[in-house]
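Participant: Okay, handing you the structure first.
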There are 2 protein chains.
Amino acid sequence: MSQEGGVGDVDRAVGYVLKQAATVLRGAMDTALRPLGLTVSQYATLELLDQRPGSSVAELARAAFVTRQAMTGVLAGLQDAGWVSRPAVAPQGRALPATVTDEGRRRLREASVAVAGVQERMLAGLTPDRRERLLADLQECVAALEPGA
Amino acid sequence: MSQEGGVGDVDRAVGYVLKQAATVLRGAMDTALRPLGLTVSQYATLELLDQRPGSSVAELARAAFVTRQAMTGVLAGLQDAGWVSRPAVAPQGRALPATVTDEGRRRLREASVAVAGVQERMLAGLTPDRRERLLADLQECVAALEPGA
DNA sequence: TGACTCATGTCAGGATCCTGACACACTCGA
DNA sequence: TCGAGTGTGTCAGGATCCTGACATGAGTCA
């Protein structure tokens, strides 16, 4: 019972397990990154910025699924640490293109290895085929729920 | 390139898509629950409490992946709304067993249908087999990362 | 040129959650 | 019996993120 149009047992609800997985992963990343002096948000921002050099705060915020205000705070911390630099004046429009500094890139490389280890540990029990399928299914879920759909 | 021991393209990193899926799902649940006057946290707590009647704050907190303090705040809101009741004195030990009221159960039933709709929309593009596999894979990921592992 | 729209950066305020700490209640073993 | 260990509820403080709002710069079009 307790089915009749509802969600059913939470342990078998994809949404519940999805949040659980995201929470556990974030925790594992946090413990892996803490010794390196990086938060999960900072690492994610560095990784994004390394792959999209010259991004504005707004672009990074969208890529990291947070608001511009939140990303502004993260970027400020990264700038204070000397891992990210932004020009004082906008070269065009209002956007201030951010770039990873050499020191930031070194830090990112260490962090990236650590995070890759966590991801590998998470996926250790899955065959390459299953990993591909898992990724594809998650992307399908995202596409189905996105506002534009 | 940019592979060499690192994470690789973020769009193909399971962790990135996992967080994206969790974020999009939470947003969709929020818009679905808002008309019913429920937050996602409140709904999750009601659903958990309906399936585990008499749970304490600490038990609910563990089940919802938050701290006791956060769950205390959510429960206080639910009690103020009259959807959850707790005895004034602990019948045993210090734990105060919480239960969903009749009014709360009515509200939960509506919310559960709404959330089930969101989940169905998210999984619409997946066959039953793929849904089962997705659930199993996510559970595998959780088990592989859990502290006790 | 001027009005409109859109995107960006920023400020102010509030909501949510976390870490750290403390006191109380039960259980178990010396 | 009593002490340690565990689990629970709660308070205080801080960190992170969000909503709402505003001003600025660029592009579009009458």
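Participant: Select from segment B:104-118 the residues that are in contact (Cβ under 8 Å) with a residue 24 or more places away in the chain and basic (Lys, Arg) and write down the one among them that is farthest from B:THR39 (Cα to Cα).
Facilitator: Top of the filtered list is B:ARG105.
Participant: Hey, among the residues in segment A:24-43 that are hydroxyl-bearing (Ser, Thr, Tyr) and at pLDDT 95 or above, which one's farthest from B:ALA63 (Cα to Cα)?
Facilitator: A:TYR43
Participant: What is the one condition in (1) among the hydroxyl-bearing types (Ser, Thr, Tyr); (2) crowded, with 18+ Cβ neighbours inside 10 Å; (3) closer than 20 Å to A:VAL7 by Cα that B:THR99 does not satisfy?
Facilitator: Among (1) among the hydroxyl-bearing types (Ser, Thr, Tyr); (2) crowded, with 18+ Cβ neighbours inside 10 Å; (3) closer than 20 Å to A:VAL7 by Cα, B:THR99 violates only (2).
Participant: Further question on the same structure: Suppose we filter segment A:25-58 for residues that are within 12 Å of chain B (Cβ to nearest Cβ) and without any contact (Cβ under 8 Å) to a residue 24 or more places away in the chain; how many remain?
Facilitator: Total meeting the criteria: 9.
Participant: Out of segment A:46-76, which residues are in contact with a strand residue (DSSP E or B) (Cβ under 8 Å, 6 or more places away or on another chain) and within 11 Å of DNA strand D (Cβ to nearest atom)?
Facilitator: Scanning segment A:46-76 gives a single hit, A:LEU75.
Participant: Go through segment A:82-103 and count every residue that is farther than 30 Å from B:VAL24 by Cα, in contact (Cβ under 8 Å) with a residue 12 or more places away in the chain and among the small types (Gly, Ala, Ser).
Facilitator: Matching residues across segment A:82-103 total 2.
Participant: Moving to a separate point now. Does A:ALA88 fit the bill of being open to solvent by 80 Å² or more (accessible area, probe 1.4 Å), out of contact with any helix residue (DSSP H, G or I) (no Cβ under 6 Å at 6 or more places or on another chain) and within 16 Å of DNA strand D (Cβ to nearest atom)?
Facilitator: yes
Participant: Do you know which residues across segment A:42-60 are open to solvent by 50 Å² or more (accessible area, probe 1.4 Å) and within 13 Å of DNA strand C (Cβ to nearest atom)?
Facilitator: A:ARG52, A:GLU59, listed by residue number.
Participant: Oh, and also: Could you list, in sequence order, the residues of segment B:1-13 that are part of a helix (DSSP H, G or I) and either open to solvent by 40 Å² or more (accessible area, probe 1.4 Å) or modelled with pLDDT of 95 or more (or both)?
Facilitator: Listed by number, the residues that qualify are B:ASP11, B:ARG12.
Conditions tested, residue by residue: (1) of a type in the set (Lys, Arg); (2) more than 10 Å from every other protein chain (Cβ to nearest Cβ).
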site: A:VAL84; (1), (2): no, yes
site: A:PRO91; (1), (2): no, yes
site: A:ARG105; (1), (2): yes, yes
site: A:ARG133; (1), (2): yes, no
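Participant: Determine if segment A:100-121 includes at least one residue that is within 12 Å of DNA strand D (Cβ to nearest atom), closer than 30 Å to B:CYS141 by Cα and not aliphatic (A, V, I, L, M).
Facilitator: no
Participant: Do you know which residues across segment B:107-121 are within 14 Å of the chain's Cα centre (by Cα) and facing chain A (nearest Cβ under 7 Å)?
Facilitator: B:SER112, B:VAL115, B:ALA116, B:GLN119
Participant: Given the criteria away from DNA strand C (no atom under 13 Å from the Cβ), over 25 Å from A:GLY27 (Cα atoms) and surrounded by 14 or more Cβ atoms within 10 Å (Cβ to Cβ), does A:ALA116 qualify?
Facilitator: no
Participant: Then there is this: Only one of A:ALA32, A:ALA63, A:ALA70 is open to solvent by 20 Å² or more (accessible area, probe 1.4 Å) and farther than 15 Å from A:ALA111 by Cβ. Can you tell me which?
Facilitator: A:ALA70
The values are calculated or read from the model by the stated rules, or taken from the named source; none is laboratory data. If you're wondering where the values come from, they're calculated on a predicted model, not measured in any experiment. Heads up, the Cβs are rebuilt from the backbone with ideal geometry, glycines too, and the neighbour counts pull from every protein chain shown. Protein only, heavy atoms only, side chains kept; ligands, DNA and RNA dropped before computing areas. Shrake-Rupley method; radii C 1.70, N 1.55, O 1.52, S 1.80 Å.
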